[in-house]
Amino acid sequence: MGQAPSMLTQYDIEEVQEHCNNLFSQQEIVSLYQRFCQLDRNAKGFISADEFLSVPEFAMNPLSQRLLKMVDGLNFKDFVAFLSAFSAKATIQHKIEFIFRVYDSDSNGKVSFNDILEVLRDLSGSFLSDKQREQVLSQVLAETGYTKESYLMLDDFIKVLGSSDLKIEVEVPVD
Amino acid sequence: MSGSEKLTSSSSELDLDRPNIEDYFPSSSIQEPRGKLRLRDLLDISPTLTEAAGAIVDDSFTRCFKSNPPEPWNWNVYLFPLWCCGVVVRYLILFPSRVIVLTLGWIVFLSSFIPVHVLLKGHDKLRKKLERYLVELMCSFFVASWTGVVKYHGPRPSRRPKQVFVANHTSMIDFIILEQMTAFAVIMQKHPGWVGLLQSTILESVGCIWFHRSEAKDREIVARKLREHVRGIDNNPLLIFPEGTCVNNHYTVMFKKGAFELGCTVCPIAIKYNKIFVDAFWNSRKQSFTTHLLQLMTSWAVVCDVWYLEPQTLKVGETPIEFAERVRDIISVRAGLKKVPWDGYLKYSRPSPKHREQKQQSFAESMLQRLQER
């Protein structure tokens with residue numbers, strides 16, 4: 001969409017909707033666009049990491065740095081596609097794929113023991129020692145039949161998480 | 001088994017100061033899961049992700065500083081020409097006459113203020129009284145230059161020792177509107193440009209106190225100045241805007257406790273602007289004060305209500321922070337504003353790592369607890 005204009009045309013909305021596989025309604029896309037323009041202070045067409053961090057609720061989140069890497073510098077179309085995992089209409093598979101991408105920071109298609117450890121480190125900070133984290137993780141992995149050397153693929157994630165009731169949903173305010 | 005392992009604790013000066021932000025957030029999807037810890041519980045980061053995405057999509061902090069322009073009503077064949085006439089009247093008739101009124105005001109003010117200030121150097125009491133009156137007069141001229149229609153409710157502030165006034169903050173004009181009724185000594189951020197010049201010359205005479213937001217040491221100096229001022233018998237009553245920044249008159253952000261730990265009575269003042277006439281919110285990130293004033297002077301009117309509310313004192317067993325929140329509640333209810341649990345200074349800086357650490361701590365605790373269960 002190039003230079004983000006202040007008005008979205010019907011064509012733009014439909015293009016974005018197609019790009020996110022119709023997971024957002026047209027009204028939601030318009031709302032998201034207003035939000036995008038609000039965060040993107042100098043109308044550059046993307047939101048910088050700094051601008052994301054100016055939202056205190058986001059900056060406080062333990063996983064903010066990981067998410068920043070995924071969402072930094074995206075244009076509006078990709079921004080909506082990124083958020084589409086949080087739509088109520090997204091499938092469980094889509095949501096699990098999103099979680100997988102968060103873990104797989106080097107995007108090599110597999111999640112190693114260390115990858116999971118790093119996410120745990122983000123979530124627990126200095127309140128657990130590295131040794132404690134490793135211990136817990138090895139133990140829990142062993143119970144499910146994996147070892148420290150196992151690599152988890154997307155299918156493994158689906159197997160483990162698919163049975164639980166995953167709640168990843170965000171409501172886009174539509175005025 | 002890591003049965004007896006303890007949690008590595010953090011420096012637990014976990015803000016006893018701050019009212020608990022978690023209380024303000026709707027009970028999120030972080031239900032306390034029970035039962036043995038499984039792999040899927042470790043891998044399931046959905047609550048944290050949902051919170052982060054929720055913050056990206058909409059957050060209460062950014063909402064406080066959004067200027068909501070009034071709905072345009074000129075989209076019709078006959079409404080549009082009406083609007084054009086309105087523009088003509090506002091820019092070509094009202095604006096020039098307002099500028100004339102303002103210039104007149106300045107001439108009258110300066111021609112009286114400078115002689116009084118210089119000649120009456122020895123007679124302090126008389127000089128202060130005259131200067132006070134002149135500043136009030138000048139503010140009335142300002143208010144007239146925007147056709148300000150201000151309705152004051154409640155008893156006028158009286159000059160008594162050991163009292164401070166606090167108000168919600170929307171724009172620098174709050175100060176002018178309040179000042180025209182009573183000469184307050186206000187505590188303000190020092191601004192550059194012509195505003196700074198005014199601050200250092202004329203407002204000094206009313207006893208105003210300056211601070212610099214960016215300087216950390218400044219806080220102690222300012223706290224000391226505040227205490228000295230309140231003790232002085234002949235000083236003008238002190239006016240403080242505890243939010244510390246301009247908010248868009250729909251929300252209030254957290255009050256800073258500085259005004260509430262001086263050991264004085266706190267008299268709350270609530271200000272609410274009527275948006276139909278003009279949006280008085282000064283978005284200091286988007287416009288300079290001069291542009292803001294010009295915008296006001298080319299609108300129809302500035303209509304607002306000012307309520308002087310009942311003076312409050314620190315209750316037994318109440319901390320200054322609780323006191324501040326109580327007064328914020330009183331002001332917000334009176335002016336119809338919603339409260340948000342954010343510190344206004346987050347406009348200029350990042351949140352402290354304490355909040356993130358709180359979340360990390362509760363995650364770690366929950367994990368260890370579940371590990372114990374069999």
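Output the antiparallel fraction of DSSP beta bridges having both residues in the protein assembly as shown, as a percent to the nearest 5. All intermediate terms of the calculation are to be shown ahead of the outcome.
Values: 7 of 29 bridges.
Beta bridges within the protein assembly as shown, antiparallel portion: roughly 25 percent.
To make sure I understand, if each residue's beta carbon is the centre and we count other beta carbons within 10 Å, what order do B:Arg98, A:Arg41 fall in, fewest to most?
On the way: B:Arg98 18, A:Arg41 14.
Fewest-to-most Cβ neighbours within 10 Å comes out as A:Arg41, B:Arg98.
Work out how much length A:Ile92 to A:Ser150 would gain on full extension: take 0.36 nm times their residue separation and subtract the Cα-Cα distance, in nm to one decimal. Before the final figure, lay out each step's value.
On the way: separation 58, 0.36 × 58 = 20.88 nm, distance 2.39 nm.
Here the segment from A:Ile92 to A:Ser150 would lengthen by 18.5 nm.
If you average the sequence gap of Cα pairs under 8 Å that are 6 or more apart and divide by the length of the range B:62-206, what percent do you get for the contact order?
Result for the range B:62-206 is 23 percent.
List the trypsin sites (Lys or Arg not before Pro) within the range B:264-332 that fall in a DSSP loop (any state other than H, G, I, E or B) and whose Cβ has at most 14 other Cβ atoms within 10 Å.
B:Arg285, B:Lys286, B:Lys315
At q = 0.10 Å⁻¹, what base-10 log of I(q)/I(0) does the Debye formula yield for the protein assembly as shown when every alpha carbon is treated as an equal point scatterer in vacuo?
With no solvent term, the Cα-only Debye profile gives -0.95.
Which percentage, to the nearest 5, of the DSSP beta bridges contained in chain B is antiparallel? Walk me through the intermediate numbers first.
Values: 6 of 28 bridges.
For chain B, the DSSP antiparallel bridge percentage is about 20.
Could you give the Stokes-Einstein D for the range A:1-77 in µm² per second, using the C-alpha Kirkwood radius, 37 °C, 0.692 mPa s? Numbers along the way, then the final one.
Values: Rh = 13.3 Å.
For these conditions, the coefficient is 248 µm²/s.
What whole number of Å gives the distance from the Cα centroid of the range B:271-294 to the Cα centroid of the range B:64-122?
12
Helix B:46-57 versus the longest principal axis of chain B: what is the Cα-based angle in degrees, 0 to 90, to the nearest 10?
Here the helix axis deviates by roughly 20 degrees.
Give me the angle, in degrees from 0 to 90, between the Cα long axis of helix B:218-231 and the longest principal axis of the Cα atoms of chain B, rounded to the nearest 10.
60
Calculate how steeply helix B:95-119 sits against the longest principal axis of the alpha-carbon atoms of chain B, using the helix alpha-carbon long axis, and give the answer as 0 to 90 degrees to the nearest 10.
Computed tilt is about 80 degrees.
With contacts defined as alpha carbon pairs under 8 Å and 6 or more residues apart, what's the relative contact order of the range B:139-287 in percent?
Numbers: 192 pairs, mean separation 53.4, N = 149.
Contact order relative to length: 36 percent.
Can you work out D for chain B in µm² s⁻¹ from Stokes-Einstein, where Rh is the Kirkwood radius over C-alpha pairs, the temperature is 25 °C and the viscosity is 0.890 mPa s?
Working: Rh = 23.8 Å.
D, rounded to a whole number, is 103 µm²/s.
Sum -39500 (n - 2.57) across every DSSP H segment of at least 4 residues in chain B, then divide by the residue count to get the 222 nm mean residue ellipticity, nearest 500.
On the way: 13 runs with 155 residues, N = 374.
Taken over chain B, the calculation gives -13000 deg cm²/dmol.
Just to be sure I understand the curve: with the Debye formula and one point per C-alpha of the range B:122-172, what is log10 I(q)/I(0) at q = 0.12, 0.19 Å⁻¹?
-0.43, -1.01
List the trypsin sites (Lys or Arg not before Pro) within the range B:215-257 that DSSP assigns to loop and that have no more than 11 neighbouring Cβ atoms inside 10 Å.
Values: sites: B:Lys217, B:Arg219, B:Arg224, B:Lys225, B:Arg227, B:Arg231, B:Lys256, B:Lys257; in loops: B:Lys217, B:Lys256.
Loop-located and lightly packed - B:Lys217.
Over chain B, what is the relative contact order in whole percent, taking alpha-carbon pairs under 8 Å and six or more residues apart?
On the way: 473 pairs, mean separation 86.1, N = 374.
Averaging sequence separation for qualifying contacts and normalising by length gives 23 percent for chain B.
Below 29 Å, Cα to Cα, which lysines can B:Lys275 reach? Residues fewer than 8 away in the same chain don't count.
Cα-Cα hits under 29 Å: B:Lys66, B:Lys151, B:Lys190, B:Lys256, B:Lys286, B:Lys338, B:Lys339, B:Lys347.
Could you tell me what a quarter of the Cα convex hull surface of the range A:46-175 works out to, in nm² with one decimal place?
Details: hull surface 37.7 nm².
The Cα convex hull of the range A:46-175, projected and averaged over all directions, gives 9.4 nm².
Quickly rank B:99-105, A:156-162 as a protection proxy: mean count of other C-beta atoms within 10 Å, highest first. Mind dumping the intermediate values first?
Details: B:99-105: 14.6, A:156-162: 17.4.
Ranked from most to least packed, the peptides come out as A:156-162, B:99-105.
Taking the alpha-carbon centroid of each part, what is the distance from the range B:173-236 to the range A:58-137 in angstrom?
48
Convert 10 °C to kelvin, take the viscosity as 1.306 mPa s, use the Kirkwood radius over C-alpha pairs of the range B:91-149 as Rh, and evaluate the Stokes-Einstein diffusion coefficient in µm²/s, rounded to a whole number. Walk me through the numbers on the way to the answer.
On the way: Rh = 12.3 Å.
Approximately 129 µm²/s, per Stokes-Einstein.
Restricting things to alpha carbons, find the Rg to Rh ratio for the range B:252-374 using the Kirkwood radius for Rh.
Details: Rg = 20.7 Å, Rh = 18.2 Å.
Answer for the range B:252-374: 1.13.
Test of understanding: ordering A:Glu51, B:Glu215 by Cβ neighbours within 10 Å, fewest first, what list do you get? List each step's numbers first, then the result.
Values: A:Glu51 16, B:Glu215 10.
Ranking A:Glu51, B:Glu215 by Cβ neighbours within 10 Å, fewest first, gives B:Glu215, A:Glu51.
Would you mind ranking B:Glu261, A:Glu143 by Cβ crowding within 10 Å, fewest neighbours first? Please report the intermediate quantities before stating the final value.
Details: B:Glu261 16, A:Glu143 12.
Listed from fewest to most nearby Cβ atoms, that is A:Glu143, B:Glu261.
No lab work stands behind these numbers, since they all come straight from the coordinates. From a predicted model like this one, the values you see are computed outputs, not experimental measurements. Please note: Cβ atoms are built from the backbone with ideal geometry, for glycine as well, and neighbour counts cover all protein chains shown.
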